[in-house]
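One structure is given below, encoded as structure tokens.
The values are calculated or read from the model by the stated rules, or taken from the named source; none is laboratory data. Keep in mind that this is a model prediction, so the values were computed, not measured. Please note: Cβ atoms are built from the backbone with ideal geometry, for glycine as well, and neighbour counts cover all protein chains shown.
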Amino acid sequence: MKEIYFEDIASAVAKASIEANLYLPKDIIKAQEKAAKTETGELPSSIFSVMKDNLNAAKELGIPICQDTGMAIVFIEIGREVHLNCDLKEAVNDGVRRGYKEGHLRFSVVRDPILRGNTGDNTPAIIYTDITEGDSLKITVAPKGFGSENMSRQKMFLPTASKEDIIGFITETVSIAGGNPCPPIVIGVGIGGDFEYSAFLSKKALTRDISVSNADKFYSDMEKEALTAVNKLGIGPQGLGGKTTALAVNIETYPTHIAGLPVAVNIGCHVNRHKSILL
């Protein structure tokens, strides 16, 4: 049995909160570099150049890659052989509190969805937990800006819906979003489960390495087809036209009820941030 304490979790969350906001994952950087080479127009090419300069400046100056440092979404995988010697939620929120203060990151969370009132430390985080095998604890912090979050959608399809219907919904969602989510975007798609679980899957899909396709060939092919359809929209980098509207479509699935087919589309902006730490 492995003991994990309050400070272990809080320190890891604080570190991940800062690093996720300062450094873009390597798979996203590589995808942007590859996409930049396919653009032939002067404007989209120049936008990719500016994006690269922004990433370099953030790294050199130790400042966030985006002014919207997001709401902290935290995914935690807890091994069966782990004993948590603390209150998990308190430890995670303490880590977010520390990370956002020490990293000089913007506080974007309000106490009440209607009455508002900033909490002053970017807590509480949204926390998802999963029990896994082994004696380790994996923490993934995914700061989510709401320029992209606000463009996300969910639809309860009838079970007779086809693959083409779902790809149409994904494409329609991106078309409606236009340049608002700061493309080139990453698209997380959750298919199955129920209303809220499809949305969870779509958010989790955004943390998957975009160079890794769905393990099921049917869905990996669907990812490619959806990406092609989205990029044909011509929205392009920052919505100013071009070949690259999206860098990837990541699909995650789960069994569902015979009478339904829930589909959620969660959009991540061009700085689709997430950082994982293993304890």
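General remarks:
- Filtered by the rule that a residue be of a type in the set (Gly, Ala, Ser), outside any helix (DSSP H, G or I) and either free of Cβ contacts under 8 Å to residues at least 12 places away in the same chain or farther than 11 Å from Asn266 by Cα (or both), segment 167-193 gives Gly178, Gly179, Gly192, Gly193.
- Exactly one residue out of Val74, Val13 is surrounded by 14 or more Cβ atoms within 10 Å (Cβ to Cβ), on the phi < 0 side of the Ramachandran plot and either at pLDDT below 95 or not in a helix (DSSP H, G or I) (or both): that is Val74.
- Residue, surrounded by the most Cβ atoms within 10 Å (Cβ to Cβ), within segment 224-263, restricted to residues that are in contact with a strand residue (DSSP E or B) (Cβ under 8 Å, 6 or more places away or on another chain) and more than 18 Å from Ser213 (Cα to Cα): Thr245
- One residue alone among Asp216, Asp209, Asp221 is surrounded by fewer than 16 Cβ atoms within 10 Å (Cβ to Cβ), over 27 Å from Val74 (Cα atoms) and among the acidic types (Asp, Glu), and that residue is Asp221.
- Residues (part of a strand (DSSP E or B) and free of Cβ contacts under 8 Å to residues at least 60 places away in the same chain) located in segment 93-138: Val110, Asn118, Ile126, Ile127, Thr129, Asp130, Ile131, Thr132
- Tally, over segment 203-261, of residues that are polar (S, T, N, Q), assigned to a loop (DSSP other than H, G, I, E, B) and in contact with a Phe, Trp or Tyr (Cβ under 9 Å, 6 or more places away or on another chain): 3
- Here Glu164, Glu90 are screened, and the one residue that is at pLDDT 95 or above, not assigned by TED's automatic domain parsing to the domain that holds Thr69 and not in a loop (DSSP other than H, G, I, E, B) is Glu164.
- Residue check for Thr253: modelled with pLDDT of 95 or more, polar (S, T, N, Q) and out of contact with any Gly (no Cβ under 6 Å at 6 or more places or on another chain): no
- Residues of segment 252-274 that turn out to be under 14 Å from Phe200 (Cβ atoms) and hydrophobic (A, V, I, L, M, F, W, C), as a count: 3
- Boolean, Leu88 is touching a Gly at 6+ places or on another chain (Cβ under 8 Å), of a type outside the set (Gly, Ala, Ser) and either within 20 Å of Ala142 (Cβ to Cβ) or surrounded by 17 or more Cβ atoms within 10 Å (Cβ to Cβ) (or both): no
- Residue among Thr140, Thr160, Thr132 that alone is closer than 25 Å to Asp27 by Cβ, out of contact with any helix residue (DSSP H, G or I) (no Cβ under 8 Å at 6 or more places or on another chain) and either of a type in the set (Ser, Thr, Tyr) or surrounded by fewer than 16 Cβ atoms within 10 Å (Cβ to Cβ) (or both): Thr132
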